[in-house]
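Comments concern the structure below.
The values are calculated or read from the model by the stated rules, or taken from the named source; none is laboratory data. Just so you know, these numbers come straight off a predicted model, no measurement behind them. Here Cβ is always computed from backbone atoms with ideal geometry, including for glycine, and neighbour counts include all displayed protein chains.
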């Protein structure tokens, strides 16, 4: 069995009391034994941020975009600035231990720490990825759900933290359960005023002719690292790419649709609310081969 790895950062931020100036930046821990304080605000309040980095045969993929997004999310929560050098070293060390695994992932978790101690907590968990071959080949069914916010929520209510990758995922998980109740595999959110957004854990990409499009991040969408790499791949194939403000009608006009994420990669959408959609099998296969084989 491939290993399941857990590394706890010694000082996930340099900007906190007691941050270790020297010595190892992490310690390995047993995944089957407790390492987290029950009063950690990441547990009791969901007060923290996270990232998931894909690993291909020991190579962490898109590490810098993920670390940059970790720092941006932490800043939005007004948390101490993460020590990105320490996080990078930890990710690379765990990725190296998974060099015999074709596809794996590392999950970075950064919390505000134990209530009242003013010291953040950080750890990285890594293991082999689930087998997504069938999903990438056959596609997924999605249900469109109202996120409950207008498309301009970022400017009207910044305290809702749209665009930050926080640990507060209860709503996202509830949305996926609702999709399952409706016979779908995943969710596509729309704003309360009818604009396309994203999935609970993925970015939407549409293909229309020779153009790939994704909803604009100005709508409070998490900027996608896998989506950005997919756009780079598309441009190398002669396609154009764009970020646009799109209404739900765009789903009807698209030649193909995908939900893109770090571990599942490109999942073609084969049905929206029960209505069949075309799947571009050849482009999907090429795109996923590119994503799996990326180097950092």
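Pick from segment 246-296 the residues that are within 22 Å of the chain's Cα centre (by Cα) and assigned to a loop (DSSP other than H, G, I, E, B): which of them is surrounded by the fewest Cβ atoms within 10 Å (Cβ to Cβ)?
Once the filter is applied, the top-ranked residue is 295.
Against the definition (outside the structural domain of residue 197 (by TED's automatic domain parsing) and in contact with a strand residue (DSSP E or B) (Cβ under 7 Å, 6 or more places away or on another chain)), how does residue 122 come out, yes or no?
Values: outside the structural domain of residue 197 (by TED's automatic domain parsing): yes; in contact with a strand residue (DSSP E or B) (Cβ under 7 Å, 6 or more places away or on another chain): yes.
So residue 122 passes the test.
Here is a yes/no grid of residues against (1) in contact (Cβ under 8 Å) with a residue 60 or more places away in the chain; (2) in a helix (DSSP H, G or I):
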residue	(1), (2)
122	yes, no
155	no, yes
159	no, yes
168	yes, no
174	no, yes
178	no, yes
187	no, no
200	no, no
232	no, yes
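Inspect segment 235-245 for any residue being buried (at least 20 other Cβ atoms within 10 Å of the Cβ), at pLDDT 95 or above and in the same structural domain as residue 160 (by TED's automatic domain parsing) and give the result as yes or no. Give the derivation first.
Kept after step one, since they are buried (at least 20 other Cβ atoms within 10 Å of the Cβ), are these residues of segment 235-245: none.
Within segment 235-245, none of the residues are buried (at least 20 other Cβ atoms within 10 Å of the Cβ), at pLDDT 95 or above and in the same structural domain as residue 160 (by TED's automatic domain parsing).
For residue 29, are the conditions met, namely being touching a residue at least 24 places away in the same chain (Cβ under 8 Å) and surrounded by 17 or more Cβ atoms within 10 Å (Cβ to Cβ)? Reasoning before the result, please.
Values: touching a residue at least 24 places away in the same chain (Cβ under 8 Å): yes; surrounded by 17 or more Cβ atoms within 10 Å (Cβ to Cβ): no.
It is false that residue 29 is touching a residue at least 24 places away in the same chain (Cβ under 8 Å) and surrounded by 17 or more Cβ atoms within 10 Å (Cβ to Cβ).
Yes or no, residue by residue, for (1) farther than 30 Å from residue 279 by Cα; (2) at pLDDT 95 or above:
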| site | (1), (2) |
| --- | --- |
| 106 | no, yes |
| 119 | yes, no |
| 125 | yes, yes |
| 134 | no, yes |
| 155 | yes, no |
| 161 | yes, no |
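Pick out the one residue from 103, 51, 81 that is touching a residue at least 12 places away in the same chain (Cβ under 8 Å), surrounded by 15 or more Cβ atoms within 10 Å (Cβ to Cβ) and under 24 Å from residue 159 (Cα atoms). Before the answer, list the steps.
Values: 103 fails: under 24 Å from residue 159 (Cα atoms); 81 fails: surrounded by 15 or more Cβ atoms within 10 Å (Cβ to Cβ).
Only one candidate qualifies: 51.
Could you list, in sequence order, all residues of segment 46-70 that are farther than 19 Å from residue 7 by Cβ and touching a strand residue (DSSP E or B) at 6+ places or on another chain (Cβ under 9 Å)?
46, 47, 56, 57, 62, 69
Suppose we filter 94, 70 for residues that are in a helix (DSSP H, G or I), over 24 Å from residue 266 (Cβ atoms) and not assigned by TED's automatic domain parsing to the domain that holds residue 226; which single one remains? Step through it out loud before you land on a result.
Values: 70 fails: over 24 Å from residue 266 (Cβ atoms).
Being in a helix (DSSP H, G or I), over 24 Å from residue 266 (Cβ atoms) and not assigned by TED's automatic domain parsing to the domain that holds residue 226 holds for just one of 94, 70, which is 94.
Given 94, 39, which one is touching a strand residue (DSSP E or B) at 6+ places or on another chain (Cβ under 7 Å), modelled with pLDDT of 95 or more and buried (at least 20 other Cβ atoms within 10 Å of the Cβ)?
Only one candidate qualifies: 94.
Does residue 51 satisfy the criteria of being assigned by TED's automatic domain parsing to the domain that holds residue 117, at pLDDT 95 or above and touching a helix residue (DSSP H, G or I) at 6+ places or on another chain (Cβ under 9 Å)? Steps first, answer last, please.
Values: assigned by TED's automatic domain parsing to the domain that holds residue 117: yes; at pLDDT 95 or above: yes; touching a helix residue (DSSP H, G or I) at 6+ places or on another chain (Cβ under 9 Å): yes.
For residue 51, the condition - assigned by TED's automatic domain parsing to the domain that holds residue 117, at pLDDT 95 or above and touching a helix residue (DSSP H, G or I) at 6+ places or on another chain (Cβ under 9 Å) - is met.
Among the numbered criteria (1) within 21 Å of residue 73 (Cβ to Cβ); (2) in contact with a strand residue (DSSP E or B) (Cβ under 7 Å, 6 or more places away or on another chain), which one does residue 149 miss?
If we test residue 149 against (1) within 21 Å of residue 73 (Cβ to Cβ); (2) in contact with a strand residue (DSSP E or B) (Cβ under 7 Å, 6 or more places away or on another chain), just (2) comes out false.
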